[in-house]
Amino acid sequence: MKKTRILLTLVCVALLASCEDFLDVKPSNYAAAETSITNATDAKVAINGLMRKMTSSSYYGRNFVIYGDAKGGDFAVRSQGRGLDYYYSFNHSATSGSGSGFWTQIYDCILQANNLIKNIEKIEEAGDGTTALSGYKGQALTARALMYFDLVRLYGKPYNMDKASFGVPLVLEPLDASAQPTRESVEAVYTQILKDLTDAAPLLSKTVLKGFLNYYANKAIEARVHMFMDNFSSALTAAEEVITSGKYTLYDNDKWVDSWSSEFGSESIFELAIYPAEADLGNSSLGYYLLRLNIVSGAAGWFMASDYFLERLGEDPTDVRWGIMDYDESSDTRFGSCRKYAGVDLKGDKGSSASAVNVKVIRLSEIYLLAAEAALKIPTPDKVKAATYLNAIRKRAPALTPATDATVTLDMIVEERSKELFMEGHRYFDLIRLNRSIEFNDEFIDPAVLIPHREKIIDRTFYKIVLPISKTELDANPAIKSQQNTGY
């Protein structure tokens, strides 16, 4: 939003006109917040619109995913100036490279969720609530929790570093245009996230919902949030509820690579749909930013794997995850290009477009690795359980010796997260959460890429681990001018 206090609007957009799971409707005009939703059909359209907005290039459609990997040491850039390289170089200020699109787009999504929640509550207060309406309310609450979790990680310090520091404004209902909300603490934001998840859980369906949020997506997000709060027992409980539900299954090794050329697979807990006529970003898509220069028209080779990642993956040359890697722009032999978002055959996951590829926001693999880490960190560690959950993913590298209760370590789990979740937006946030140093591979390209805005190795004491509030936002909302992040 151009300012946090933007008037609440609702864009009713059908997410997937070509899929039977979604309404086949045309986008409407902006609707008044107080009257836009009067029944379950309206609410369904609103949820479609919300999922569609989350596929924006400023959110899960591209930038948020790239941000989480470009800053985490598993990626490098071919050269500067091609787009989004300021993530990698940490070239951030309030006036340039602020990442303001995150703030704008995510708050727009929150405002739409708030509108839906508020209107459903009015219907319920009038005695006209239904199970369907409750389900849509649960989805909106869960989506809002995820959005605030993303915002607070972008703009606030890690919870386990300084939970009393500034997080982000909590906007939970439609605001008057004159409102000037201020930043709440990181702790307050996390408290609200957990409240939204708790309130939403009993409202949600336990059936698999393609392209939408169900009960198990809620629990998966809860597991993530508790890990960032060092609530390891709660994280393990939430993760195991997803794992033991039987609703999702891990891919066998011979199916893993092909899973990236198909939508809504057996591991997909929450997946945002992108179709050629719905949200396709073309040569500005996530996939195109990762492909080798001009392997398909418009691909520009922005980001590629670092030497450090390739060495990690290379521990087992038979690791099935090599199957989504391809030659990058730096040489004819280096496999640093990622095809997760273009389809293994460069035909996407619909068989027709390398850019119209669904974004897998939450996969079962991640939940197994969260469970492994949590089991290792609970007050009385369960190393047998930790090894078991780790090995379920470690088997992707069949030549590696399985972990045991005597050998399993946090390093093994963290490395497995790197290999399994490569280019899914986790690595940077993982290392910051774990208080680990991040080393960047600036020099493997000749001539080396020179980075003046950060050191080769950083840790979470570096002030630029969080983004600045943009000057545009500070000017629009003077109440938060004194709450700018330190150093900016």
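The values are calculated or read from the model by the stated rules, or taken from the named source; none is laboratory data. Please read these numbers as outputs of a predicted model, since none were measured by experiment. Note that we place each Cβ from the backbone using ideal geometry, even for glycine, and neighbour counts take in every protein chain shown.
General remarks:
- Residue within the range 416-426 that is touching a strand residue (DSSP E or B) at 6+ places or on another chain (Cβ under 6 Å) and aliphatic (A, V, I, L, M) present: yes
- Residue count, the range 337-363 (criterion: among the hydrophobic types (A, V, I, L, M, F, W, C) and touching a strand residue (DSSP E or B) at 6+ places or on another chain (Cβ under 6 Å)): 4
- Residues in the range 286-319 that are assigned to a loop (DSSP other than H, G, I, E, B), under 23 Å from the mean Cα position of the chain (by Cα) and at pLDDT 95 or above: Ser306 alone.
- One residue stands out in the range 118-140 among those that are part of a helix (DSSP H, G or I), out of contact with any Phe, Trp or Tyr (no Cβ under 9 Å at 6 or more places or on another chain) and of a type in the set (A, V, I, L, M): the one that is surrounded by the most Cβ atoms within 10 Å (Cβ to Cβ), namely Ala140.
- Residues of the range 320-360 satisfying the condition of being of a type in the set (Gly, Ala, Ser) and either touching a Cys at 6+ places or on another chain (Cβ under 8 Å) or in a loop (DSSP other than H, G, I, E, B) (or both): Ser330, Ser331, Gly336, Ala342, Gly343, Gly348, Gly351, Ser352, Ser353, Ala354, Ser355, Ala356
- Residues that are among the basic types (Lys, Arg) and out of contact with any Asp or Glu (no Cβ under 8 Å at 6 or more places or on another chain) were ranked within the range 40-73; the one that is surrounded by the fewest Cβ atoms within 10 Å (Cβ to Cβ) is Lys44.
- Answer residue from the range 441-488, given it is closer than 21 Å to Tyr67 by Cα and small (Gly, Ala, Ser) and is farthest from the chain's Cα centre (by Cα) among those: Gly487
- Flag if Tyr341 is closer than 24 Å to Asn231 by Cα, in contact with a helix residue (DSSP H, G or I) (Cβ under 7 Å, 6 or more places away or on another chain), of a type in the set (Ser, Thr, Tyr) and in contact (Cβ under 8 Å) with a residue 24 or more places away in the chain: no
- Restricting the range 205-223 to residues that are of a type in the set (Lys, Arg) and surrounded by fewer than 22 Cβ atoms within 10 Å (Cβ to Cβ), the residue that is farthest from Leu376 (Cα to Cα): Lys210
- Residue check, Ser96 surrounded by fewer than 23 Cβ atoms within 10 Å (Cβ to Cβ), small (Gly, Ala, Ser) and within 20 Å of Arg460 (Cα to Cα): no
- Thr380 meets the stated requirement of being free of Cβ contacts under 8 Å to residues at least 12 places away in the same chain and more than 24 Å from Pro317 (Cβ to Cβ).
- The residue that is nearest to Asp74 (Cα to Cα), counting only those in the range 299-318 that are touching a Leu at 6+ places or on another chain (Cβ under 9 Å) and surrounded by fewer than 20 Cβ atoms within 10 Å (Cβ to Cβ), is Glu315.
- From the options Asp258, Asp230, residue that is farther than 25 Å from Arg52 by Cβ, over 20 Å from the mean Cα position of the chain (by Cα), surrounded by fewer than 19 Cβ atoms within 10 Å (Cβ to Cβ) and among the charged types (D, E, K, R): Asp258
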